[in-house]
1. About the Cα centre of region B:5-99, how large is the charge dipole given +1 on each Lys and Arg Cβ and -1 on each Asp and Glu Cβ? Please answer in debye to the nearest 20.
2. Taking each label point as 7 Å beyond Cα in the direction of the beta carbon, state the distances from B:Leu72 to the same residue in the other copies, shortest first, in nm.
3. How many times 2.2 N^0.38 Å is the alpha carbon radius of gyration of region B:3-56?
4. If we count chymotrypsin sites (Phe, Trp or Tyr not before Pro) as exposed when they sit in a DSSP loop and have at most 15 other beta carbons within 10 Å, what is the longest stretch of chain B that avoids them all?
5. Once every DSSP H run of n ≥ 4 in the protein assembly as shown is given -39500 (n - 2.57) and the sum is divided by its residues, what mean residue ellipticity at 222 nm do you get, rounded to the nearest 500 deg cm²/dmol?
6. Starting with the fewest neighbours, write out B:Leu58, B:Leu22 ranked by other beta-carbon atoms found within 10 Å of each beta-carbon.
7. Could you pull out every one of the aspartates and glutamates with an alpha carbon less than 16 Å from that of A:Lys14, ignoring same-chain neighbours closer than 8 positions?
8. Taking every pair of alpha-carbon atoms in the protein assembly as shown, what share in percent sits in each 20 Å bin, from 0 to the bin with the longest distance?
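Throughout, read-outs are computed from the coordinates displayed, never taken from laboratory work. Worth saying up front: this structure is predicted, and the values here are computed from it rather than measured. FYI the Cβ positions are ideal-geometry reconstructions off the backbone, even for glycines, and counts take in every protein chain you see.
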Protein chains: 2
Amino acid sequence: MSSSSIRRYHTAKKIQSAAIALAVKNGLNNITTEAIACAAGVSARTFFNYYPYKEAALMGPQPDYPEDAAELFINGTGSLLADLRELISVHISRFLHEREMLGHLLKLSETDPKLTALRNNAVLARRGKMAGLLQRRLPDTDPRMIDILASAIIAATNNATQSWALGVSEDFVEAAMENLSLILPAARLLEEDD
Amino acid sequence: MSSSSIRRYHTAKKIQSAAIALAVKNGLNNITTEAIACAAGVSARTFFNYYPYKEAALMGPQPDYPEDAAELFINGTGSLLADLRELISVHISRFLHEREMLGHLLKLSETDPKLTALRNNAVLARRGKMAGLLQRRLPDTDPRMIDILASAIIAATNNATQSWALGVSEDFVEAAMENLSLILPAARLLEEDD
DNA sequence: TGATTCTGATGCAGTCACTGCAATTTGGCG
DNA sequence: CGCCAAATTGCAGTGACTGCATCAGAATCA
């Protein structure tokens with residue numbers, strides 16, 4: 001990452017945390033982009049150089065799986081489950097210090113429909129990334145199956161993210177593995193009669 | 001449904017189809033809410049009585065699973081898969097005549113990021129509905145499993161919707177069943193070594 | 001060091017999305 | 001025909017967002 005990108009990332013984060021702090025205090029509808037920009041120490045115009053609209057600022061810069069860990073996952077030789085554990089564990093390690101902010105964001109997106117939409121969008125974007133990784137790891141698999149598996153994995157890790165960010169569970173990775181282990185029994189429900 | 005609700009629904013649809021038609025011709029960014037309202041034969045103000053923002057008009061009124069079919073599914077006695085087939089088959093039957101418009105909408109949402117977000121949001125909203133139905137059908141199941149299963153089901157039916165609306169497959173229900181049958185093998189991938 | 005150049009920040013002006021309110025019309029119903 | 005509730009509309013105002021021209025700072029090079 002070039003030094004200018006680091007600088008950009010930092011400013012983006014500063015705007016995000018200002019936006020979340022203000023939204024938590026006053027409600028998303030009662031704060032203006034100008035107020036956010038001002039609290040973040042940039043001009044109103046600069047705000048829009050970083051985020052195309054107000055709600056996007058709350059979501060912040062969208063993180064991807066780290067490239068090296070992704071490579072390891074693609075070429076992994078263990079079971080899918082075991083290698084997945086490595087991947088998400090490296091992924092989450094970068095956000096351990098943002099737990100509180102993430103919790104606020106989750107609560108905010110429960111109240112505001114536009115934020116809900118953006119969060120859902122972020123979830124499905126991540127699903128796309130996961131599907132890409134899976135497809136490269138299992139090149140001969142039916143893409144429709146890849147898609148379905150990716151959905152299940154993201155649903156599982158999302159459960160974990162939420163319970164971690166909202167303080168229900170302490171260890172993210174453990175919660176994630178627990179959820180992931182539910183995928184197979186969940187799928188089995190389909191074929192059983194009740 | 002009361003007669004006034006029917007009227008409302010009809011107007012909502014009229015606005016939606018005007019919006020999609022204009023967006024297909026000129027691009028979503030080059031049309032104003034006023035132009036959409038005018039093309040739909042309502043005032044600019046009325047537009048916002050139906051949709052809170054421009055992009056929402058393209059998505060139209062969000063359909064839910066029909067109540068009677070949902071009841072049947074909840075109390076169904078066949079395998080989950082078989083009863084699911086009934087449910088989605090009744091669900092889709094109401095939209096068979098909108099295939100072309102749906103195709104346009106899907107293509108539009110590939111180009112515009114806000115529309116992508118809304119579409120993804122609609123998908124996850126539907127996942128929530130599906131999870132609700134599943135939970136009532138299988139009351140003693142771990143909610144986390146329900147969530148995961150709902151995700152997989154929605155991913156599968158979504159695949160089907162897309163290939164149907166874009167003209168790849170002719171029979172929606174058949175495509176959906178094919179996708180649903182991939183859920184279990186997809187889940188099995190998790191535990192295998194490669 | 002001083003000239004240059006490039007990236008990012010800013011101010012300004014304009015357009016249009018969107019809202020609240022108050023008035024009017026419409027369509028159903030006795 | 002007359003009444004009521006729902007739907008439609010106009011209007012005026014706020015603020016989100018854009019294009020453009022300019023400006024400050026930092027890196028590069030002679």
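1. On the way: 10 positive and 9 negative charges, 118 e Å.
Dipole size: approximately 560 debye.
2. Output for B:Leu72: 5.2 nm, nearest copy listed first.
3. Values: Rg = 10.7 Å, N = 54, 2.2 N^0.38 = 10.0 Å.
Ratio of Cα Rg to 2.2 N^0.38 Å: 1.07.
4. On the way: sites that count: B:Tyr53, B:Phe95.
Longest stretch, sites excluded: B:96-194.
5. Details: 22 runs with 286 residues, N = 388.
The helix-only estimate for the protein assembly as shown comes to -23500 deg cm²/dmol at 222 nm.
6. Details: B:Leu58 27, B:Leu22 21.
The most exposed by this proxy come first: B:Leu22, B:Leu58.
7. Straight-line reach from A:Lys14, under 16 Å: A:Glu34, A:Glu55, A:Glu98, A:Glu100.
8. Answer for the protein assembly as shown: a P(r) of 25, 57, 19, 0 percent.
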